[in-house]
Amino acid sequence: MEGLNEALEHIHIKPGLRENSGKQVKAWGYNGVFNLLTSVSFPLILLVTWQIVSVLNIFPPMLVPSLKSVAENLAEQLKTGLLFSDLSVSLVRVMKGYFFGGLLGLSFGVFMGISAFANRFFSGIFDGIRQIPGLAWLPLIILWFGIGDTSKVVLIAKGTFFPVLLNTIDGIRNTDKGYLEVARLYGIKKLELIRKVYFPSAVPFVFVGLRLGAGMAWMSVVGAEMLASSSGLGYRISNAQQLMRSNELIVDMIVVGVIGWLVDLILRKITKKVLRWKK
Amino acid sequence: MKKMKSILAIMLVSIILLAGCGTGSESSSGSSSAGGNTKPAGSSVSDTSQKGEVHTLKYGFVDQGSGVATGLVGIAKDQGYFEEELAKVNAKIEIIPFTGAGPAINAALASKSLDAGAIGDVPALVAKASGIDTVMVAGGLADAPTYVVAQPGKGYKSLKDLKGKKVATQIGAYMQRVLYLMLENNGLKIDDIQFVNMTAKDAVNALAAKTVDAIVVSAAQSQTLASKGLGELLDSTEGHREWLNSTATVFNASYTKENPEVVKAFIKGLLRAREYAQKNPGDLRALQIKAGTPENVIDLVYPDLKNYSTLVEADKDVIGNLKSVAQFLKDNKLADSVVDIDAWYNPSFYNDALKESDSK
């Protein structure tokens, strides 16, 4: 507590906060409102700029559609149910690919993290595959798996796999050597060692990998659907682009961004809850 | 702190005030040629000629994968007609292939990365209806049918058998309209099939890999697939004149206002190419071969090359076709309005080029 007060001495901070040091400031107090306004100010600036540009017709509506036409398109997509149906199709694909990619990444990550032999065996190929962008894989994946859901799920799994793999390996390797020695002294079996020593140590890293993997999964599904699909948000974006509907394009891009942000937020909350024991 | 609060307050008020603005300021797309204040990205001939620099006309065409321009554009390029005519107005041409077809050329026109392009009727009118300020200066009518090619060995006898199946073609390209019309002729709608959006090149590969049940592509691509046993010709536009597609040579409207001499020089190049092609039809064939079309396919699609189109002007058939396409797009909600073809097509460049040219 004294250390915190000393630290606060060096920061220009309201006296009220210093008096309350050690207690969390309520989110909707004065500072909470200020923080909220600060975080929304940049999006607001962008919106204002956008509206000015479209009102003054600085660029043709085709290139910069007005906020009104974007809002109208969003309303239409919601009314017809098109947005929900595309979104649900994309989300289902992501969940499938994320599950498989995450499971494989975790399994290989534990294996390669613990076994130096396994690491040497797999890392060459995995490192090579990792360098090839997902969209470069897509033509081959389509040839092998067709243009249905399978090819999209495979691409999403590939996108998810590597962040989870690498972070799991890192997490396993960062296990405190002291814990391992004690565990060995007590004669703990390998499976129990993984469960009780390696895994708890690797969990923070694994969750970082899962968060990164979720982002990659979402990007992969949109990319895959843009190239060969008959449904989903990526398909809708490609559709809008080819029919020169820039307002629809922007609506779909915003939806992609918002959903990606929400998924990340949910994962952050889960990570915080799961890792509470670490504090 | 007080300053920050003031700034945030001003921003909030601005949004509220500006949200009420702009309801009457959106330019209408489609029937008028207005497209807002378009600013040309490149310099005009009048600017560059004064500085002595050569102006480059950037022209895009739909590429089947080889990067080779065929038809009159290919002839004009190979024979140096573009080079000669454009040099007279201190200009040169850069001919750029687009495998993404009409929609890709539209995007380039919209961003002013291209000054002109040759595209199909559907993408040309979709672009115009969406507000891209283009002008059509030349046109042509399809000289070969468009086909629905189905996977071989599946027993498909007609389009009715494709109900519920995967059919691939490109959204926003002329093939999309052909597919809609063919489905309608067979008592089906677009929702009765699983429509897969793919470029023609990808669709050909997808059919060869048996990942789709049918595709809609050009005569050359269709016959190539059939000749290799990779597809069966299920239906075509043959015998249905109203299903034919047309092509449009379009320029950015601002470009035609600033560089009318360049536009005329371009058309003069095409007129010279037409005269040459009529005397040397073998060169048209040679270009198709160079572009990768098998010789037996060329002979199938263009027997004796008699039906190879060397049209430059948009005659009444082309205009009539474009009008029906414009209405089709609106009826099928592929465009928000019906493009006024008479206002969009500017025949003056062709007429002036013809008068000034030795070629007829």
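The values are calculated or read from the model by the stated rules, or taken from the named source; none is laboratory data. On a predicted model such as this, the values are computed, not experimentally measured, just so you know. Note: ideal-geometry Cβ built from the backbone for every residue, glycine included; neighbour counts use all protein chains shown. These accessible areas exclude ligands, DNA and RNA; they are computed on the full protein's heavy atoms, side chains included. Shrake-Rupley method; radii C 1.70, N 1.55, O 1.52, S 1.80 Å.
With respect to residue A:263, is the statement that it is more than 12 Å from the chain's Cα centre (by Cα), surrounded by fewer than 21 Cβ atoms within 10 Å (Cβ to Cβ) and outside the structural domain of residue A:50 (by TED's automatic domain parsing) true? Walk me through how you get there before you give the answer.
Values: more than 12 Å from the chain's Cα centre (by Cα): no; surrounded by fewer than 21 Cβ atoms within 10 Å (Cβ to Cβ): yes; outside the structural domain of residue A:50 (by TED's automatic domain parsing): yes.
Here the answer is no, as residue A:263 does not meet what is asked.
In the set (1) buried (at least 20 other Cβ atoms within 10 Å of the Cβ); (2) within 13 Å of chain A (Cβ to nearest Cβ); (3) within 24 Å of the chain's Cα centre (by Cα), residue B:151 fails one condition alone, (3).
Cβ separations smaller than 6 Å between residues 6+ apart or across chains give the following pairs from region A:33-50 residues that are at the interface with chain B (Cβ under 8 Å from one of its Cβ atoms) to residues that are assigned to a helix (DSSP H, G or I) and small (Gly, Ala, Ser): A:48/B:14.
Is there a residue in region A:244-253 that is hydrophobic (A, V, I, L, M, F, W, C) and away from every other protein chain (no Cβ under 14 Å)? Yes, there is a match, as at least one residue in region A:244-253 is hydrophobic (A, V, I, L, M, F, W, C) and away from every other protein chain (no Cβ under 14 Å).
Among the residues making up region A:237-260, those that are more than 21 Å from the chain's Cα centre (by Cα) and either more than 24 Å from residue A:47 (Cα to Cα) or surrounded by fewer than 18 Cβ atoms within 10 Å (Cβ to Cβ) (or both) are A:238, A:239, A:242, A:243.
Conditions tested, residue by residue: (1) within 11 Å of chain A (Cβ to nearest Cβ); (2) open to solvent by 50 Å² or more (accessible area, probe 1.4 Å); (3) small (Gly, Ala, Ser); (4) touching a His at 6+ places or on another chain (Cβ under 9 Å).
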position: B:219; (1), (2), (3), (4): no, no, yes, no
position: B:227; (1), (2), (3), (4): no, yes, yes, no
position: B:236; (1), (2), (3), (4): no, no, yes, no
position: B:243; (1), (2), (3), (4): no, no, no, no
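Taking every residue in region B:207-229 that is free of Cβ contacts under 8 Å to residues at least 24 places away in the same chain and farther than 21 Å from residue B:181 by Cα and pairing it with any residue that is open to solvent by 20 Å² or more (accessible area, probe 1.4 Å) and in a helix (DSSP H, G or I), at least 6 positions away or on another chain, the pairs with Cβ-Cβ distances below 6 Å are B:209/A:143. Filtered by the rule that a residue be touching a residue at least 24 places away in the same chain (Cβ under 8 Å), within 9 Å of chain A (Cβ to nearest Cβ) and either part of a helix (DSSP H, G or I) or within 10 Å of the chain's Cα centre (by Cα) (or both), region B:105-121 gives a lone residue, B:106.
Could you pull out the residue among A:191, A:135 that is within 14 Å of chain B (Cβ to nearest Cβ), at pLDDT below 85 and open to solvent by 10 Å² or more (accessible area, probe 1.4 Å)? Working first, answer last.
On the way: A:191 fails: within 14 Å of chain B (Cβ to nearest Cβ).
Testing whether each residue is within 14 Å of chain B (Cβ to nearest Cβ), at pLDDT below 85 and open to solvent by 10 Å² or more (accessible area, probe 1.4 Å) leaves just A:135.
Tell me, please, whether a residue that is within 14 Å of chain B (Cβ to nearest Cβ) and open to solvent by 70 Å² or more (accessible area, probe 1.4 Å) can be found in region A:213-229. Scanning region A:213-229 turns up at least one residue that is within 14 Å of chain B (Cβ to nearest Cβ) and open to solvent by 70 Å² or more (accessible area, probe 1.4 Å). When restricted to residues that are in a helix (DSSP H, G or I), under 29 Å from the mean Cα position of the chain (by Cα) and crowded, with 16+ Cβ neighbours inside 10 Å, region A:43-83 contains 9.
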